[in-house]
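Note sheet for the following structure.
Where a number appears in this text, it was derived from the coordinates with a stated rule and is not lab data. These figures come from a predicted structure and were not determined experimentally. Virtual Cβ from ideal backbone geometry, glycine too; neighbours counted across all protein chains shown.
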Amino acid sequence: MCGSAGLNAKFEELVTMNPHQVRSFDKQEIIDTLKKRMDSGGTVVVNHDIYLRDPIGSKFADVVFPAATWGEENFVRANGERRLRLYSKFMDAPGDAKPDWWIIAQLAKRMGFDGYDWKDSNEVCEESSRFSRGNRKAYHMIKVAAHKEGKTLHEKLRELGTDGIQGPTFYNYDTGELLGTIRLHDTTVKQEQMVAEGRTKGANMVNKKGTHFNSQTGRVNIRNTHGVSSLTTGVDEAEG
């Protein structure tokens, strides 16, 4: 899908209406043609998907990278309740289809970039984990816990089964326990409890949203059942 008629029209203008169109199976001729299109102000469209979407993949794409989908590669996913789980591969991808990370890595290396030498999806997951620190689905501490046990992040998540663990995650360096977060904005959690659970040590990162709301006071704003007035109250007061 193009999202809007205007965007579709722009694709038509820059791609299909450009005079430089591929009409050969010769690799060098294809490259030369696409270069001419770019030099003339047109656009070369590269599509990366598990099937051809109309019209991006089936009409406008000059290059299509067939991607592997779920079940054809190990990958980690977080659902709406921040539950992190490993979705294990159970079959090979068809034809030339490859995992997203593999396609990106091959493109990057051919363009001269360093740091894309991943061997599998676990290495991608472990490298990206540090960028999750501090957010609501932080999973970096799963890697920390796994490495303490001589395992990979994927192996640790596989142990947690279909229940997985809810982010953000924390690791207790004293007890070796991996902790999840059942509830965000939990105003009942005190600093003493976080210290006792080891959430403030080492590579752990505590986000204010774990114990506060986004209001000015950090407490929840509740409107009464009749909608007459609004009041600011703590969670325990609201539930009471």
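Among the conditions (1) part of a loop (DSSP other than H, G, I, E, B); (2) surrounded by fewer than 17 Cβ atoms within 10 Å (Cβ to Cβ); (3) touching a residue at least 12 places away in the same chain (Cβ under 8 Å); (4) out of contact with any Phe, Trp or Tyr (no Cβ under 6 Å at 6 or more places or on another chain), the only one that Gly80 does not satisfy is (3). In segment 150-179, of all residues being part of a loop (DSSP other than H, G, I, E, B) and free of Cβ contacts under 8 Å to residues at least 24 places away in the same chain, the one that is surrounded by the most Cβ atoms within 10 Å (Cβ to Cβ) corresponds to Lys151.
When the residues of segment 132-149 are filtered to those that are within 20 Å of the chain's Cα centre (by Cα) and part of a loop (DSSP other than H, G, I, E, B), the one that is surrounded by the most Cβ atoms within 10 Å (Cβ to Cβ) is Tyr139. Counting only residues that are acidic (Asp, Glu) and farther than 21 Å from Ile182 by Cβ, how many does segment 150-172 have? Qualifying residue count, segment 150-172: 1. Taking segment 83-113 as the range and being under 23 Å from Ile30 (Cβ atoms), surrounded by 16 or more Cβ atoms within 10 Å (Cβ to Cβ) and among the charged types (D, E, K, R) as the test, only Lys98 passes. Do we find a residue being among the polar types (S, T, N, Q) and touching a strand residue (DSSP E or B) at 6+ places or on another chain (Cβ under 8 Å) anywhere in segment 40-47? Yes: segment 40-47 contains one or more residues that are among the polar types (S, T, N, Q) and touching a strand residue (DSSP E or B) at 6+ places or on another chain (Cβ under 8 Å).
Conditions tested, residue by residue: (1) without any contact (Cβ under 8 Å) to a residue 40 or more places away in the chain; (2) within 23 Å of Glu127 (Cα to Cα); (3) part of a loop (DSSP other than H, G, I, E, B); (4) among the aliphatic types (A, V, I, L, M).
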| site | (1), (2), (3), (4) |
| --- | --- |
| Ala9 | yes, no, no, yes |
| Ser24 | yes, no, yes, no |
| Arg53 | no, no, yes, no |
| Lys59 | no, no, no, no |
| Pro94 | yes, no, yes, no |
| Leu107 | yes, yes, no, yes |
| Gly112 | yes, yes, yes, no |
| Tyr116 | yes, yes, yes, no |
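When Arg23, Arg37 are checked against the criterion of being loosely packed, with under 13 Cβ neighbours inside 10 Å, within 21 Å of Pro55 (Cα to Cα), of a type outside the set (Val, Ile, Thr) and touching an Asp or Glu at 6+ places or on another chain (Cβ under 9 Å), a single residue qualifies: Arg23. For Arg82, the conditions (1) out of contact with any helix residue (DSSP H, G or I) (no Cβ under 8 Å at 6 or more places or on another chain); (2) farther than 22 Å from Leu184 by Cα; (3) not aromatic (Phe, Trp, Tyr) are fulfilled apart from (2). Residues in segment 9-32 that are of a type outside the set (D, E, K, R) and under 30 Å from Trp101 (Cβ atoms): Phe11, Leu14, Val15, Val22, Phe25, Gln28, Ile30, Ile31.
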